Amino acid sequence: MPNPSTTRSLDILDPYSIGLKVGFEIHQQLATKSKLFCSCRASIDDEGYDVEFFRRLRPTHSELGQYDPAALFEFKKGKVMRYLARKGTSCLVEMDEEPPHDLNREALETALIISLALNADVVDEVHVMRKIVIDGSNTTGFQRTMLIAIGGSLKVRFKDGEREVKVQSICLEEDAARLVGDDSRVRTYALDRLGIPLVEIALEPVTGTPGEITNVALTLGRLLRATRRVTRGLGSIRQDVNISIEGGGVVEVKGVQRLDQLKKVIEYEMKRQHGLKIIAERLRGMGISMNEPPTIVDVSRLFSNTESRVIRSVLAHDASNDGSSSSSSSSSSRNSSSSSSGSGGVVKALALKGFAGMLAYEPYEGIRLGRELGELVRFYGLGGIFHSDELPAYGVSKDEVDAVRRMLMLNSNDAFILLAGREESVDGAMNAIVERLKQALIGVPAETRAATQDGRTVYSRPRPGAARMYPETDIPPIAISKEMLSRLRESSSIKTWDEYVDELSKRYGINRVLAEKIFDSDRLDLFERIVESTGVQASFIASTLTETIVSLERQGLDSSRLKDEHVEDAFIRVARGDVAKESIASIFEVIMQGRADSVDKAIDMLGLRAVSDEELSTTLDGIIGENYNVLREKGDKALGMLMGIAMKRLRGRVDGNKVNALLKRKIEEITGKK
């Protein structure tokens with residue numbers, strides 16, 4: 001059995017020594033007035049829905065006559081798709097009840113401008129293609145996409161100097177529907193996002209530290225924002241990250257939305273993939289193979305009196321326990337759970353010759369084969385696996401473990417896996433486990449994984465194959481003339497990131513650090529609107545939008561609750577003198593906590609209504625009276641202490657500069673000093 005002391009630290013991993021390669025597919029929403037193939041408004045709408053309908057999607061052959069493996073995987077889940085739509089942001093085109101309209105020329109021009117900025121070679125003719133996608137994110141069962149340009153490069157700073165990162169392709173495509181709910185039977189999407197224009201930029205893989213590679217995404221994001229033709233905000237830019245190490249398959253990680261998340265994802269995948277490589281080397285070194293037909297046995301009768309809640313509910317055919325999980329922590333894949341539809345509940349065991357200790361072996365903390373298998377079986381309606389390296393536990397007794405070993409004819413060097421659930425689900429999951437264990441002997445399998453908010457990744461589906469594209473028959477090809485490209489070159493000169501930052505710094509009188517932060521943030525347009533409409537000091541607005549809100553997010557508060565209208569309203573009240581600028585952070589905190597849904601309610605809850613001049617003067621007189629002896633002793637040096645008392649008592653209900661000026665004047669009147 002592997003020695004736990006061999007668990008490694010991530011700190012020893014060098015990206016060059018393990019052959020790390022990271023490539024990006026950047027998906028950036030374009031700031032167009034309408035969608036890509038209709039005139040509906042290109043914006044997200046959370047105001048409710050007018051239409052609801054259901055679909056069940058099925059895979060089709062590609063133009064090569066083949067099925068895409070990712071499409072087949074999604075189809076086998078058997079889910080019904082529920083769609084929600086609202087007039088204004090979706091129409092019959094999104095519902096797939098009407099052919100697509102003409103291509104949005106504004107979106108096409110933006111994609112061409114971005115291609116020119118990256119010095120890419122633009123195609124002579126744009127052909128719209130259909131890319132098979134049956135996870136429900138598109139009502140048609142495919143996504144419309146078109147190649148705009150190939151080649152080009154992006155200059156990026158690395159520690160060893162500036163490098164040119166090559167561009168593979170630039171495509172224009174429609175965004176997917178927005179996932180708003182998902183359970184074991186029904187997946188729900190909102191159609192407001194479906195059809196919003198996206199530009200997809202694929203970059204060649206590069207090697208570097210996670211920080212350096214993250215800077216590649218940052219640099220490209222800055223170029224896109226410098227066009228002033230793309231949207232901002234969480235979800236408006238997403239990275240699909242292709243990560244591999246030497247000798248391993250390419251792992252596609254989808255759904256990375258933030259740069260800090262991206263760095264953690266790369267670090268995690270370095271650890272996970274290198275860990276899987278170590279596991280494969282150890283398995284081969286132990287002489288383990290998966291060449292023999294698998295031994296899978298129904299062991300349900302051995303658990304007729306089990307104390308395991310999960311297994312007991314499955315064998316009892318208790319439909320009320322559908323989707324239940326074990327009493328142990330559900331966050332760990334080693335803790336098994338199972339769903340039961342109320343019929344056909346079984347427990348089956350898979351014999352693993354020579355695997356003792358290898359399912360729980362961790363070359364790096366949290367990286368183990370058992371966890372990989374636990375993630376895999378969830379897509380068959382099962383919550384995880386039981387395996388012998390961690391049994392007896394979770395209600396499975398030693399006697400039951402020994403009975404399974406006897407039935408499978410295992411010795412001390414062997415292991416086994418238990419699955420409990422509907423027989424159809426268990427059989428499908430067992431087959432998937434066998435295939436995954438064969439891949440474990442090789443190393444890192446090529447697959448698609450989803451990024452979690454904390455920077456880990458979880459199994460999602462197999463990698464899509466080449467058999468997923470076929471031509472769009474409803475839209476004719478679009479010629480790209482040299483005259484069109486010349487006109488766009490002349491009319492759309494794109495400033496560099498440095499030029500934009502310098503311009504922001506000079507225009508608004510803010511330092512360069514703040515200018516960089518506000519340009520890189522999702523709130524540049526909001527910043528400029530507030531400065532122009534309120535007259536509040538630009539540096540205070542910028543620091544609030546880039547530092548105060550970020551600080552509240554790091555405390556675990558939900559910034560999605562803080563809408564642009566809340567932010568604008570708060571600054572308007574500061575400009576009018578209704579509240580002090582010191583109260584802004586408290587107002588935002590209450591809204592982000594969900595305790596108030598408007599600035600008005602937050603102000604009332606916090607008691608932040610501005611004090612009158614008379615009330616302020618009376619309050620300061622009271623503070624001076626309470627501390628008169630200190631004032632006589634220290635004179636004007638008592639200002640700082642008295643100011644602290646005043647601001648604590650007034651709790652952000654009045655501007656600090658106003659308090660300071662009046663308090664200073666009152667002290668001077670008493671001490672006779674000016």
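The values are calculated or read from the model by the stated rules, or taken from the named source; none is laboratory data. Since the structure is predicted, the reported quantities are computational estimates derived from the model, not experimental observations. Counting neighbours? That spans all protein chains shown, and the Cβs are built from the backbone with ideal geometry, glycine included. What goes into the accessible areas is simple: the full protein's heavy atoms, side chains included, and nothing from ligands, DNA or RNA. Shrake-Rupley method; radii C 1.70, N 1.55, O 1.52, S 1.80 Å.
Values as computed for the structure displayed
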read-out	value
The chain, helix-only ellipticity at 222 nm - DSSP H runs n ≥ 4, -39,500 (n - 2.57), divided by all residues, nearest 500	-11000 deg cm²/dmol
Whole-number Å³ per residue for the convex hull built on Cα positions in region 187-316	236
Accessible area of region 517-674 belonging to carbon and sulfur atoms, whole % at 1.4 Å probe	45
Contour excess over end-to-end distance, with Cα ends at residue 539 and residue 632 and 0.36 nm allotted per residue	29.7 nm
Amide H partners (placed H, <5 Å) of residue 295, local residues excluded	351
Summed residue charge, Cβ within 13 Å of residue 395's Cβ, Lys/Arg positive, Asp/Glu negative	-1
Listed residue pairs exceeding 26 Å between alpha carbons, taken from 517/563; 131/482; 159/264; 263/517; 517/648	131/482; 517/648
Net charge contributed by nearby residues that have their C-beta within less than 12 Å of residue 298 (K/R +1, D/E -1)	0
Within the accessible area of region 169-327 (1.4 Å probe), percent carbon and sulfur	47
Cross-link reach list, aspartates and glutamates versus residue 353, counting only Cα pairs under 14 Å and skipping chain neighbours closer than eight places	292, 389, 414
Around residue 146: net Lys/Arg minus Asp/Glu count, Cβ-Cβ under 9 Å	-1
Over the chain - Rg/Rh using Cα atoms and the Kirkwood inverse-distance radius	1.05
Average accessible area per residue (Å²) across the chain - probe 1.4 Å, nucleic acids and ligands excluded	45
For region 106-189, alpha-carbon Rg over 2.2 N^0.38 Å	1.47
Per-residue ³J(HN,Hα) for region 189-194, Karplus 6.51 cos²θ - 1.76 cosθ + 1.60, θ = phi - 60°, Hz, x for Gly and Pro	10, 9, 8, 4, 7, 4
Computed FRET value (nearest 0.05) for residue 435 with residue 96, which takes r as the C-beta separation and R₀ as 35 Å	0.55
Percentage relative contact order, the chain, counting C-alpha pairs under 8 Å, at least six apart	14
Within the accessible area of region 392-511 (1.4 Å probe), percent carbon and sulfur	51
